[in-house]
Amino acid sequence: MQKGNIGVTTENIFPVIKKFLYSDHEIFLREMVSNAIDATQKLKTLKEKGDFKGELGDLTVRVSLDADKGTLTISDQGIGMTAEEIDKYINQIAFSGVTDFLDKYKDTANAIIGHFGLGFYSSFMVSKKVEIITKSYKDGEKAVKWSCDGSPEFTIEETEKEGRGSDIILYIDDDCKEFLEKNTIEGLLQKYCKFLPIPVAFGKKTEWKDGKQVETDEDNIINNVEPLWTKTPSTLKDEDYQKFYRTLYPMQDEPLFWIHLNVDYPFNLTGVLYFPRIKQNIDIQRNKVQLYCNQVFVTDQVEGIVPEFLTLLHGVIDSPDIPLNVSRSYLQSDRDVKKISTYITKKVADRLNSLFKENRKEYEEKWDDLKLFIHYGMLSQEDFYERAKDFALLKDIDGKYFTYEEYRTLIKDQQTDKEGNLIYLYANDPEAEYSFIEGAKKKGYSVLLMDGQLDTPMVGMLEQKLEKCRFTRVDADIIERLIVKEDAPKNTLSKEESDNLAEIFKSQMPKTEKANFYVEVQNLGEEAQPLIITQSEYMRRMKDMSRYQQGMGFYAQMPDAYNLVLNSDHPLVKKVLSEQTEKTGKALEPILAEIKGQEARLAILRQEQDKKKPEEVTQEEKDDLANTQKAIDDQQKKKQQVIADSAKDNQIVHQLIDLALLQNGMLRGEALDKFLRRSVELIG
């Protein structure tokens, strides 16, 4: 019997392995099974080269539990090890046998998984003792048994073993008893090993017999040794891709389409990426792309390899060239990763472009599901925007689709303003914005439908990318001012009449939480609506953007800004102004006279003080100016109160306001109830 200490530079590496080396204890099973696969693949390579003359026989890797003994065993019939090889590869940590093997068989050994020589020691994360019983494939070599109890001390002794290969026996630690449960091990094998290239058996298949589950003689093979991405695309049908998708994601809807990746220069990469059906929610669908290394599952956190916008996709990427850290769990920063990311972006863009060109009708039918991916990519990656701008679409409210260039050509004659800007009109909610859309259509304008989750930031980006243009929601202003082609007509009312009319309606607006209304008077013609509520494009867009961008949260806290536009040409508005003038004329006469007198006095005081330097103005003069301004303010409040008192019982005023609020979905609760009652009274 040989005894010795494992060659490590630290006094005791096992606590380090247990706590820090691996991101998750469950990974030990992946490492153990991967090592068994490696040993088997090595034997196959030796056979292909003619360096192994014997029969390969059954190469199945077997995982078995013995709950009574508290052991988990991983057995292979690969190359096995001699005592000398155990001493070299097991006792000298991180001196990997794979390195030597790859040097000798670098042309045919692509399927070898291990890189670090540390995978075996992950077994000590869950084990109080580990034994290796192994016999080399080489003629005349004796079987040996290696044993270690989690200290640097080990023993090696000769033993009996019938055939070549290795049995790794893990004596599971008391605090890791879940790894002695069949369901746990089966779940981990399904997670990490279900596409390994050598059959992996865990127990026997079961069947119902006499009302209970009984074992059969057939091995329970948990993996598919030739998953779809390893096959040549020309040999596969649509049904094959759809079936594989259901294997990966049993509960998902059928995918829109897929991209088969297959590249061997300047790096090795295979895989299949699926476009799932996603309408709105971005975040819930992440972590659906699985990363494999030679068919061993590594992670579904693939942000380093797959461009961020494509983390919304589903599917598999497999590459032996992706640089992993020692635990094979985290991606290391590497320029090859950047190359892979760039390749995937290009491949996806090419696939989308070919789908668009080859069958535009089918592409348009899929656009509503696709646009989230494409918009996300255009917003987050400049090189993808450059590729996608030719197959990204705009959809109008009638359901017609246009490329950016097609739509520009469509609207340039009708929707160019007097400054030469091309105005893109859009709606978020065709039902709520119906009357504004109809008004735009009557003018001969086209209106886009932009109701997607990323359409707000897309609008901002397109305004920067597209030449001399502006996007405006169709309810952002009265239709005459959405696309200004000539100077607005002058108001036919005097300033005093306009101010009084504005005050009538302003005084009767309901107090709405987190909403400010700004009233203005315009000549819109007798056929136009008497009162229109529009929302500031800038403020609404800033509030929308605050949901996506950090540092803009203060916009979300600001009240909504609305414009209340009064049409002074409409008969009902004229009637309101006429009745108010008649009703309040006498009451306002002395107030208006006082205001004019005080305003004249204020103008004289300011003129006199403007001739002096600030330090020459006396306190008495300053007080006189302030008192005059206060007198004007007091009279203005009196005027506002007189107008408000006269308007509070005016049914037409309240009805017009409520109709405008109702049109914008802003009439609720008690105000809506009052409107309904008043409507019945007016009809009666």
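Here are some notes:
- Taking the C-alpha atoms only, the angle from helix 335-358 to the longest principal axis of the chain is near 60 degrees.
- Straight-distance crosslink candidates among lysines, where the alpha carbon sits under 19 Å from residue 613 and sequence neighbours closer than 8 are dropped: 622
- Peptide packing: for 470-479, 408-417, 535-544, the average count of neighbouring Cβ atoms within 10 Å per residue gives the ranking 470-479, 535-544, 408-417, highest mean first.
- Angstrom value of the Kirkwood radius, inverse mean 1/r, which spans all Cα pairs in the stretch 525-684: 20.1
- Within straight-line cross-link reach of residue 339, aspartates and glutamates at Cα separation under 20 Å, skipping those fewer than 8 residues along the same chain: 264, 300, 303, 308, 318, 321, 350, 382, 383, 386
- Two numbers describe the Cα atoms of the stretch 378-469: Rg and Dmax, which are 13.4, 40 Å.
- Violating pairs (Cα-Cα greater than 20 angstrom) within the set 366/400; 53/204; 288/389; 53/145; 361/443; 514/543: 53/204; 288/389; 53/145; 361/443
- Volume of the Cα convex hull of the stretch 438-527, divided per residue and given in Å³: 170
- Annotation: aspartates and glutamates with alpha-carbon distance below 15 angstrom to residue 612 (same-chain offsets under eight excluded): 620, 621.
- Accessible surface of the chain, 1.4 Å probe, proportion on carbon and sulfur as whole %: 47
- Distance between the stretch 165-216 and the stretch 338-397 - C-alpha centres, whole angstrom: 43
- Computed over the chain, the convex hull of the alpha-carbon atoms projects to a mean area of 50.0 nm².
- Kirkwood-based Rg to Rh ratio, the stretch 350-417, C-alpha trace: 0.99
- Rolling a 1.4 Å probe across the protein heavy atoms gives the chain an accessible surface of 51 Å² per residue.
- Dipole moment magnitude, nearest 20 debye, the stretch 353-457 about Cα centre, only Lys, Arg, Asp, Glu C-beta charged: 340
- Per the Debye calculation on the stretch 480-527 with a single equal scatterer at every Cα and no solvent contribution, log₁₀ I(q)/I(0) for q = 0.14, 0.17, 0.22, 0.23 Å⁻¹ amounts to -0.49, -0.69, -0.94, -0.97.
- Take the Cα of residue 231, step 7 Å toward its Cβ, do the same at residue 652, and the gap between the two points is 7.8 nm.
- Cβ-derived FRET efficiency at R0 25 Å, residue 303 paired with residue 354, nearest 0.05: 0.40
- Alpha carbon centroid spacing (whole Å) that separates the stretch 449-515 from the stretch 616-662: 25
The values are calculated or read from the model by the stated rules, or taken from the named source; none is laboratory data. Since this is a predicted model, take the numbers as computed values, not measurements. Cβ atoms come from the backbone with ideal geometry, glycine included; neighbour counts cover every protein chain shown. The protein model used for the area step is the full one, side chains on, heavy atoms only, and it has no ligands, DNA or RNA in it. Shrake-Rupley method; radii C 1.70, N 1.55, O 1.52, S 1.80 Å.
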